Amino acid sequence: MTMLEANRFSALVGEIYDAAVDPAQRGAALEQVAGFVGGSAVTILSRDAARLSLEIHQHYGTDSRFRELYRDRFVELDPLLDRHLDLAVERTVGVADVMPYSDFVATSFYREWVEPQGAVDLATVTLERSTARTTILQVMRSRSRGNVDDAMRERMRLIAPHIQRSRVMSKQIRARSHTVADLAEVLDRLSTAICLFDAEGRVVHANAACRKMLADGGLLAIVGDRIVARNTQADKIFRSMFDVAANSGIGPAERRRIEIMTSTDGQHYLAHAFPLTHERSLQRDGVATVLFLQKAAMAARLATEAISAAFRLTPSEIRVLTAIIEVGGVPDVAAKLGIAETTVKTHLGRLFEKTGAGRQADLVKIAAGFAAPFVQATGPDDAV
């Protein structure tokens, strides 16, 4: 290989790996592969071990009509496809390696599929083989280039491992992207505001609850790519929490400390920040600190279905329990729900009997154990 060819090969390898990151570049990369090895069309396909199914992963230079013909009919007539079940990975074979070329020209595979595409020969190389399937790179040779030669075989052998590694990288990137997207969706379903910061205090990610809190602007607001507190008290606590999180030498008890921040309208929020990294270096945009913010409440997010199932509570009993948590005494509960105090006392007695509680304070404690960050706040409006 000349210096010019070596430089061309190096550039092609770079394009192949770039396509792992950006799928939109795959077609261009395969076109470059075709040019490098001396082919007119390139296809990456898989055949299962039982020879029952075929999957075409990527292609360049073949018309959709011929891809369908190959899948529906000519796959069984391809003299090279199943040869790779017994060949070493990365070994390239052409038609002349498995049968006399004159016999190949006489086949319907050649006359009805290869020749109509302006090709005279084809070569294949194994990219991957497992107990389940074999994946190959198939390259057609145009009439103008002549039959497959040793130079084409060698170039396909050289490029095959890079194509396969690029495929593995692409799968890993896609899997990670799906994982990140799934995790973001889960975080968006939480009522607790969660914000992720990099080592310099820039916002890397905020879940839906945090974005809403920032939009409301009563406690925190976002300026550029940073979060700022809206009053002196909140700002002092906000900064101190980040100082604690950034100090890798601080004790575990300090890292677990929960602070109370007050918004401009007097609402209290529980705030907790902790570091995700300690002594390892961070890349730019890497998450260094997590901040949790939750509006202070007795049991703001009561998992009513769970507590109902646990103690066999009726909808009316759940409404009374929720009202007790929110407003307290029997008269206040009766006024809130618009029912008689005697009705409240009746349901309260049933709540004591079913839960084993002896007083309202015990009911609140039991309910607190069923508070969840992923359910909506209970707000009963129906009459009991």
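The values are calculated or read from the model by the stated rules, or taken from the named source; none is laboratory data. All values reported here derive from a predicted model rather than from experimental measurement. Note that each Cβ is placed from the backbone with ideal geometry, even for glycine, and that neighbours are counted across all protein chains shown. The accessibility values were calculated without ligands, DNA or RNA, using every heavy atom of the protein model including side chains. Shrake-Rupley method; radii C 1.70, N 1.55, O 1.52, S 1.80 Å.
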Taking r as the C-beta separation of residue 223 and residue 10 and R0 as 41 Å, the FRET efficiency to the nearest 0.05 is 0.35
Helix 315-327 sits off the longest principal axis of the Cα atoms of the chain, rounded to the nearest 10 on a 0 to 90 degree scale, by 70 degrees
Within the under-12-Å Cβ sphere about residue 28, not counting residue 28, Lys/Arg +1 and Asp/Glu -1 give a net charge of -3
P(r) over all Cα-Cα pairs of the chain, 10 Å bins from 0 to the longest distance, whole percent per bin, short to long, reads 4, 17, 17, 12, 12, 13, 12, 9, 4, 1, 0
Simple spin-label estimate for residue 101/residue 287, 7 Å along Cα→Cβ, in nm, reads 6.0 nm
Residue-normalised value, i.e. accessible area per residue, for the chain at 1.4 Å probe, in Å², stands at 53 Å²
A correct Stokes-Einstein calculation for segment 50-91, using the alpha-carbon Kirkwood radius, 4 °C and 1.567 mPa s, returns a whole-number D in µm² s⁻¹ of 110 µm²/s
Of every hundred units of 1.4 Å-probe accessible area on the chain, the number belonging to carbon and sulfur atoms, as a percent, is 51 percent
Here FRET efficiency (C-beta to C-beta, residue 202 to residue 111, R₀ 56 Å, nearest 0.05) is 0.30
Placing each pseudo-label 7 Å from Cα in the direction of the beta carbon, residue 306 and residue 177 end up separated by a distance in nanometres of 3.5 nm
Proximal lysine pairs in the chain, meaning Cα under 27 Å and 8 or more positions apart or interchain, come to 11
Helix 341-355: inclination vs the chain longest Cα principal axis, degrees, rounded to 10, gives 60 degrees
If R0 = 22 Å, then residue 77 and residue 25, at their Cβ-Cβ distance, give a FRET efficiency to the nearest 0.05 of 0.10
From the Cα centre of segment 196-235 to that of segment 91-168, the distance in Å is 58 Å
Taking Cα atoms, the helix 150-188 axis meets the longest principal axis of the chain at an angle in degrees (rounded to 10) of 10 degrees
